[in-house]
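Structure first, then comments.
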Amino acid sequence: METLIDNWVLACYTTDIPENGGACVKLADEQIAVFNFTRRGEWFATQNLCPHRQQMVLSRGMIGSTGENCEPKVACPFHKNTFSLLSGRCLTNEELSIKTYEVRVEDNKVFICL
């Protein structure tokens with residue numbers, strides 16, 4: 001399903017990702033968690049690997065917002081470490097962080113910038 005346009009890759013279709021949830025896509029050799037944050041009208045993408053226990057689980061994590069600025073976040077489904085969907089920094093353990101990707105949605109297609 002990969003189509004490379006500059007650095008943007010077709011990852012999936014909007015119908016592949018549940019509302020207010022996530023799913024994993026594999027692009028090249030990387031597992032990427034894609035999130036459809038319907039309540040915010042925004043899309044996010046991060047690495048799927050949780051750095052705490054090296055498990056490919058973030059796409060199954062719960063998404064929400066935190067703080068005064070309502071920063072979007074995802075919580076690891078196993079150990080509840082939470083990560084910013086904007087910066088990738090861990091909000092519960094400053095020693096951890098995850099990679100984030102830019103997301104673009106056009107004509108029901110979800111593109112990720114690699």
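Nothing in this text is a laboratory measurement; each read-out follows from the coordinates by a stated rule. Predicted model only: the values in this text are computed from it and were never measured. Cβ: placed from backbone, ideal geometry, glycine included. Neighbour counts: every protein chain shown.
Determine, yes or no, whether PRO77 is buried (at least 16 other Cβ atoms within 10 Å of the Cβ) and without any contact (Cβ under 8 Å) to a residue 60 or more places away in the chain. Here the answer is no, as PRO77 does not meet what is asked.
For the stretch 30-69, filtered to residues that are free of Cβ contacts under 8 Å to residues at least 24 places away in the same chain and β-branched (Val, Ile, Thr), the residue that is farthest from GLU94 (Cα to Cα) is THR38. Looking at the stretch 39-47, can you tell me whether even one residue there is of a type in the set (Asp, Glu), touching a Pro at 6+ places or on another chain (Cβ under 9 Å), surrounded by fewer than 16 Cβ atoms within 10 Å (Cβ to Cβ) and over 21 Å from ASP6 (Cβ atoms)? Yes, that holds for at least one residue.
If the condition is being closer than 19 Å to ALA23 by Cβ and crowded, with 16+ Cβ neighbours inside 10 Å, then the stretch 89-108 contributes ILE98, THR100, TYR101, VAL103.
Listed by first and then second residue, the pairs linking a residue in the stretch 93-110 that is without any contact (Cβ under 8 Å) to a residue 12 or more places away in the chain to a residue that is surrounded by 13 or more Cβ atoms within 10 Å (Cβ to Cβ), with Cβ atoms under 7 Å apart and 6 or more places separating them unless they lie on different chains, form an empty list.
Of the set (1) closer than 27 Å to GLU106 by Cβ; (2) among the hydrophobic types (A, V, I, L, M, F, W, C); (3) buried (at least 20 other Cβ atoms within 10 Å of the Cβ); (4) in contact with a Lys or Arg (Cβ under 9 Å, 6 or more places away or on another chain), all apply to TRP8 but (3).
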